[in-house]
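Remarks on the structure that follows.
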Amino acid sequence: MSLVKKAFETPEKAGEREIWEPRIIAFLCNWCSYAGADLAGISRIQYPPNIRVVRVPCSGRINPYFLIKSLQRGWDGVLVSGCHPGDCHYVSGNLVARRKFAVLKDIMEYIGVEEGRLNFSWVSAAEGERFSRVVKKVVEKVKALGPAKRLVKR
Amino acid sequence: MRNIENIEDSIREVARKLLNEKKVELVIGYEKGTLPLRTAPCFIDNPDDVDKLAWNASCDANLSKYLIGVDKRIGIIAKGCDARSIIVCITEKQIDREKVVIIGIPCAGVVDRKKIEAEVDGEEILEARVTGEKIMVKGKNFEKTLPKKNFLCDSCLTCRHRNPPICDIMVGNKVPEITSAEGFAEVSYLEAKSADDRWAYFTKELGNCIRCYACRNVCPLCYCKECFVDKTLPLWFGKTNDLSDTMIYHIVRVLHVAGRCVDCGACSRVCPMEIDLRALTKKTEKIVKERFNYEAGISLKEVPPLGTFKLEDAQEFVIE
Amino acid sequence: MKAKIMDKNELQDFVDELTKDYKVFAPVKMNRIFRLKEISKGKEACLGYQNTRQPPKEIFFPQTEILFTYKMDKEGVELEDIPLPNEKRVLFGIRPCDARALVFLDRFFSSGDYKDISYLEKREKTTIIGLACNSPLSTCFCTSLGGSPFGKEGMDLLLEDINEKYLIEILSEQGAKLVEHIPWLKDAENADFERAKKISEEAESTIKLKIAVEGLRKKFDSMFDAPLWDQIYQKCIGCGVCTYLCPTCWCFDILDEGTPTCGRRVRIWDTCQFPLFTLEASGLNPRPSGKERMRQRVMHKFNYFPKDFGELVCVGCGRCVQACPVNLDIREIIKAIMNT
């Protein structure tokens, strides 16, 4: 049967032909990662449109509650990105954050949240190309994991 | 073998002296409980009442909780783990070092009454006595003698600081430390399982939680005047026993005590639904030991690991 | 009094029969404690237990209950009720103290103008089969408070263990209807009743704590500012264990969860032991410390409620005594008050 006919015969199943796209929330620090993402945009570098960006002044501002709440709200993946260690606009914000994120990631994975839901990166303002690569990597990872089910509140 | 009666007498002497000399206004210790194998926290402000103080193998509570927020000179009985929590609270400026007199007691482990109850198949224990290395339990239809070493609390089995690292007065002789205690065997066992298995385990265990907050209230490190659970603006996480909210409550609580927890075991002991909370708290201890080479509550000069940083901290989890 | 009898080894078959027509909740062993859970086969039920960690109130008045869901769009607000359970249920093997507590809960949830439908619906559709206590625990004190190890209040049927058999006393229409479905049950004989009476008397005699309830209420009236409370409350850590495990504690909180456009209203257990319970919007808290809150708990159970409704609202199950993390023993408090 032709594809067109099939679509008309079984209209309620038409939605299944859509491929699920992960929804990823990205917390980007204003001075480095957000600027890097902006540079990617200006340079017209293509990267997957699955991320929604939340701009924060520094990765150190990020409360682990944000990441946990995002997973609870049903975001399939989380990306947190800040300045490279040593280059933080506020000197040490990202260094404080690094320890917090390490502990958070270890605990979440220990509890059983799939590895790949929480992602962390350092992207500087000049690294537009790198930002797009990071996003591609994260989207691939999360796509392979499927829609978020653990910790999601119905 | 250490003479328990001597320690009990010495504690009472010390308390009497401290109160008589007005060095403290209050002594916090243990008194005999109203049920077998139980003790209760005891608050003595009169030197004539010191005979209420008791010391035995059921002195399991972590009394350092009662120091927080109290502006008095207090003498407190502290085992190794309790003294470590006191150190953590002092470094976090919740307890004034000058206002507390730590009466340290080297401890070779306290008895887990729930293990003993399981051993007698849930029959009611009407009488119990611990003498030396033996525990005698008597019920309506049974009388048994059990070896104490098989019924110690799990947190005692992996304890590497049986002697209080800090104290003003030491009662009793030091006990040998078990340096070979590999504390993370249970955690490693869980880590070796798949993420799916771990998820199934934690959802099953934490699904029993009734959100009574006994674990949070008994922990000396949970001293926030407004706990994140009670915050409504913004409402971070719900108060129902919806599985997602309950798991997040435990995840966040354990994140908050990461790097500060001394594994006194109080949280697991008091849980009315018998959830093994140490499976989570012990993991944070392991993380902090492996990543930052840190053990909480050993020295007054230490800085909590999540309150500091090093430029060369490991970042293997960061995407390249 | 009508009653049936069955052999101990017929118990599993009895419960299996129940599962055919009813949704059955029975004590089940989970790790080291017993809890009431839905079972599908007779062998899952476990009657060789002292008492469940959680009282039966969790079956009718769960820790979390969704009241309704809401959706809001430009056309307005849409509310949707949560459908109430429709099936007939059996609550199997609860103790007389817990069944008596259900009578208090019934009164509370149906008092005044507003009847709590979600509680009452479940309650009406449930047949309660109790299990008498042959060996009360040392922490039990039901007899001083109007109950008894072989008490019959709040139940439709009472199972009494008379060694090789169970005597099944029929206490209500609902109970009678249930046993009609199980034709192989034999009628009880006088000897069985005699045996049960003897065991009941033995059980009652083992409960040692006797509270002179009349004298108690009078003493409480003058106790509000007594120094006793300063001593008692110090070790209390302010958790919710005593109230959450209490079969007669019924306080709850109602919260909204969700976003402005879609969410739900839930009811959750609340406890007078949390500081937030009486925290007012101005920031004032009339019960600022554990002292006031502990006093409130004891007074409510043994003074205020009896004054308003004529009965003490503690059933003497002893759960708070066993589960309190700091061994705060309500029996000691009562004794101390009686001695003043």
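The values are calculated or read from the model by the stated rules, or taken from the named source; none is laboratory data. Note that the structure is a prediction, hence the values are computed from the model and not measured. Backbone-built Cβ (ideal geometry, glycine too); neighbour counts: all protein chains shown. SASA here: full protein model, heavy atoms, side chains in, ligands and nucleic acids out. Shrake-Rupley method; radii C 1.70, N 1.55, O 1.52, S 1.80 Å.
How many residues, within the stretch A:1-58, are basic (Lys, Arg), surrounded by 12 or more Cβ atoms within 10 Å (Cβ to Cβ) and modelled with pLDDT under 60?
The number of residues fulfilling the criteria is 1.
Please give the number of the condition B:Phe309 fails out of (1) away from chain C (no Cβ under 14 Å); (2) outside any loop (DSSP other than H, G, I, E, B); (3) buried (at least 20 other Cβ atoms within 10 Å of the Cβ).
Answer for B:Phe309: the failing condition is (2).
Are any residues in the stretch B:11-40 over 17 Å from B:Gly104 (Cβ atoms) and within 19 Å of the chain's Cα centre (by Cα), and if so, which ones?
If the condition is that a residue be over 17 Å from B:Gly104 (Cβ atoms) and within 19 Å of the chain's Cα centre (by Cα), then B:Glu31, B:Lys32, B:Gly33, B:Leu37, B:Arg38, B:Thr39, B:Ala40 are the ones that fit.
Can you spot a residue in the stretch C:314-327 that is free of Cβ contacts under 8 Å to residues at least 40 places away in the same chain, more than 23 Å from B:Pro220 (Cα to Cα), in a loop (DSSP other than H, G, I, E, B) and of a type in the set (A, V, I, L, M)?
No, the stretch C:314-327 has no match at all.
Can you tell me which residues in the stretch C:129-152 are in contact with a helix residue (DSSP H, G or I) (Cβ under 6 Å, 6 or more places away or on another chain) and part of a strand (DSSP E or B)?
Scanning the stretch C:129-152 gives a single hit, C:Gly130.
Sort out for me the helices (runs of 4 or more DSSP H) sitting completely within the stretch B:231-297 that have 3 or more residues that are more than 15 Å from the chain's Cα centre (by Cα) and within 13 Å of chain C (Cβ to nearest Cβ).
Output list reads B:243-257.
Within the bounds of the stretch B:39-53, is there any residue that is over 18 Å from B:Cys167 (Cβ atoms) and in contact (Cβ under 8 Å) with a residue 40 or more places away in the chain?
No, the stretch B:39-53 contains no residue that is over 18 Å from B:Cys167 (Cβ atoms) and in contact (Cβ under 8 Å) with a residue 40 or more places away in the chain.
Can you tell me which residue within the stretch A:101-144, out of those that are open to solvent by 40 Å² or more (accessible area, probe 1.4 Å), closer than 17 Å to A:Val80 by Cβ and assigned to a helix (DSSP H, G or I), is farthest from the other protein chains (Cβ to nearest Cβ)?
Filtering first and then ranking leaves A:Lys136.
Can you list the strands (runs of 3 or more DSSP E) lying wholly within the stretch B:94-155 that have 2 or more residues being in contact with an Asp or Glu (Cβ under 6 Å, 6 or more places away or on another chain) and within 14 Å of another protein chain (Cβ to nearest Cβ)?
Counting at least 2 such residues, we get B:134-139.
Consider the stretch B:231-246. How many of its residues are open to solvent by less than 10 Å² (accessible area, probe 1.4 Å) and either in contact with a Ser or Thr (Cβ under 7 Å, 6 or more places away or on another chain) or under 30 Å from B:Ile87 (Cβ atoms) (or both)?
1
Conditions (1) within 14 Å of another protein chain (Cβ to nearest Cβ); (2) modelled with pLDDT of 90 or more; (3) in a helix (DSSP H, G or I), marked per residue:
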| site | (1), (2), (3) |
| --- | --- |
| C:Phe25 | no, yes, no |
| C:Gly48 | yes, no, no |
| C:Gln54 | yes, yes, no |
| C:Ile66 | yes, yes, no |
| C:Thr69 | yes, yes, no |
| C:Leu79 | no, yes, no |
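Criterion first (surrounded by fewer than 21 Cβ atoms within 10 Å (Cβ to Cβ) and either touching a Ser or Thr at 6+ places or on another chain (Cβ under 7 Å) or under 28 Å from B:Asp45 (Cα atoms) (or both)) does B:Thr131 satisfy it?
So B:Thr131 fails the test.
Give the stretch B:247-274 a look and list any residue that's crowded, with 21+ Cβ neighbours inside 10 Å and of a type in the set (Val, Ile, Thr), or say none.
Selection gives B:Ile248, B:Ile251, B:Val254, B:Val257, B:Val262, B:Val270.
Among the candidates A:Glu129, A:Glu140, single out the residue that is touching a residue at least 12 places away in the same chain (Cβ under 8 Å) and out of contact with any Ser or Thr (no Cβ under 6 Å at 6 or more places or on another chain).
Residue meeting the stated conditions: A:Glu129.
Those residues that are part of a helix (DSSP H, G or I), touching a residue at least 60 places away in the same chain (Cβ under 8 Å) and either charged (D, E, K, R) or away from chain A (no Cβ under 11 Å) (or both), I need them from the stretch B:197-216; list them, please.
Of everything in the stretch B:197-216, those that are part of a helix (DSSP H, G or I), touching a residue at least 60 places away in the same chain (Cβ under 8 Å) and either charged (D, E, K, R) or away from chain A (no Cβ under 11 Å) (or both) turn out to be B:Glu205, B:Cys215.
Picking from B:Ser180, B:Ser194, B:Ser155, which residue would you name as being in contact (Cβ under 8 Å) with a residue 60 or more places away in the chain and among the polar types (S, T, N, Q)?
Result of the check over B:Ser180, B:Ser194, B:Ser155: B:Ser155.
Looking at the stretch C:222-234, can you tell me whether even one residue there is out of contact with any strand residue (DSSP E or B) (no Cβ under 8 Å at 6 or more places or on another chain), among the hydroxyl-bearing types (Ser, Thr, Tyr) and modelled with pLDDT of 90 or more?
no
What number of residues within the stretch C:240-295 satisfy the criterion of being of a type in the set (Gly, Ala, Ser) and out of contact with any strand residue (DSSP E or B) (no Cβ under 9 Å at 6 or more places or on another chain)?
5
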